[in-house]
1. Quick one: which residues, 5 or more positions from Q260 or on another chain, have an amide H under 5 Å from its amide H? H modelled 1.01 Å from N in the peptide plane, none for Pro or chain starts.
2. Taking amide H positions as placed in the peptide plane 1.01 Å from N, state which residues far from R79 in sequence (5 or more) or on other chains have amide H under 5 Å from it.
3. How would you rank 101-110, 271-280, highest first, on the average number of other Cβ atoms within 10 Å across their residues?
4. Want the number for R30 to D113: 0.36 nm per residue separation, take away the alpha-carbon distance, what's left?
5. With a ≥ b ≥ c taken as the square roots of the eigenvalues of the C-alpha gyration tensor of segment 242-311, please select rounded if a/c is under 1.5 and otherwise prolate if a/b is larger than b/c or oblate if it is not?
6. Can you tell me the relative contact order of the chain? Whole percent, Cα pairs under 8 Å, sequence separation 6 or more.
7. How large is the helix-only mean residue ellipticity at 222 nm for the chain, computed as the sum of -39500 (n - 2.57) over DSSP H runs with n ≥ 4, divided by its residue count, in deg cm²/dmol to the nearest 500?
8. Could you tell me whether the chain comes out rounded, prolate or oblate from its Cα gyration tensor? Rule is a ≥ b ≥ c as square roots of the eigenvalues, rounded for a/c under 1.5, then prolate if a/b exceeds b/c, otherwise oblate.
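Quick note: the coordinates plus some simple rules give every number you see, no bench work behind them. Everything quoted here is computed from the prediction, not taken from an experiment. Glycine gets a Cβ as well: all are built from the backbone with ideal geometry, and neighbour counts include every protein chain shown.
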Amino acid sequence: MCLSLSCNHAVHNPIACIVPPYMLRVLAMRGDPATARMARSLLDHDRELRDLRAAQSSPPLPHDGILPIADPDLCCPDRRIHDGEFRATLPGKLVRAEGDDPAGLTDADFAYDAAGQVFSLFAEEYGRNSLDGQGMPLVATVRHRRDYNNAFWNGEQMAYGTGDGKIFQTFLELSVVAHEMTHGVIQHSGGLIYENQSGALNESVADVFGALALQRARRQMPHEADWLIGRGILGPNIAGAALRSMKAPGTAYSDDLLGQDPQPWHMDGFISTTDDNGGVHVNSGIPNHAFYLFASYLGGPAWELPGRIWYHALQNLNNPMASFSQWAERTLRSADELTGSGSYQGQMLRRAWKLVGVAV
Ligand SMILES: [Zn+2]
């Protein structure tokens, strides 16, 4: 099982599960027989999804985040939330379409509201009409499979398990929803290849907008936010706060069963591995921390200028294989373009990249 998964690094289709394979592999090794079985079946499913999904990327949109555009279509998401009824079939039964009253199913109503928050972040702050920039419907399935310990974007829609109640108790948390949906945005803009450094950037950009959706919904300033991805989704007996921490990568959990959060925050801790598509969920801690530092230096709402710079950089990247350094250079150019050459904001951004050891 582990062997077959470690061979999987050659497949670089951008499937985007929230729970990384290294966490599942620890569970397969340390869990009781039922937990180990669950982890192995998730690893199998992860591989099927990767095989299923073709790498897709589209050219950047004309909207590039410099200014939100007064486009009347930007008012209106087209949400379609389905109940998977604990089966594997997607999308399942439509339970709440755009404008419908609450479905009375907690997960479905949460997914509806969260998709609305994410649509609004991209539309109102960055002038983007849905994930593809062309108003694509926001399709999601809740209660996907029974006791399913994962959530994913499969190239066309989001799907959320309920968790088994022990290791995970839910996946319906706004930063997780926004993370998954941002994989859809990246797929249509820039298309960072899901492998090695560009794959870690793909993961990091998904975490950045995941955190920003949550902070914006709560109107939190950088110093007030927890910068956690997936707060509260771990089971009640798991020793951990979340899946990842952008403020302090490597500290999100430390648990007998799950092991230790392996994320580095500095290039000195960069992990070279063939696992996890070349460590995409691990090394994303480095650009995550750079974003956190930058937003903290500026102090204002992180979804405004810092988010706009990241969005502008993604739209104008034109390099799906970008390394950390190339991405950092692109964000610095975006800062120049949005705030003027030699600006204070640009200097703070350079400082943030230097602090995490990325050469710029
Ligand atoms: Zn992801």
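1. Close amide H contacts, sequence-distant or interchain: D255.
2. Those qualifying (amide H under 5 Å, at least 5 residues apart or on another chain) are E98, L138.
3. Packing order, densest peptide first, comes out as 271-280, 101-110.
4. Contour length minus Cα-Cα distance gives 26.2 nm.
5. Since a/c reaches 1.5 and a/b is larger than b/c, the shape of segment 242-311 is classed as prolate.
6. With pairs under 8 Å counted, the relative contact order is 17 percent.
7. Using -39500 (n - 2.57) per qualifying helix, the result is -13000 deg cm²/dmol.
8. Here the chain falls in the oblate category.
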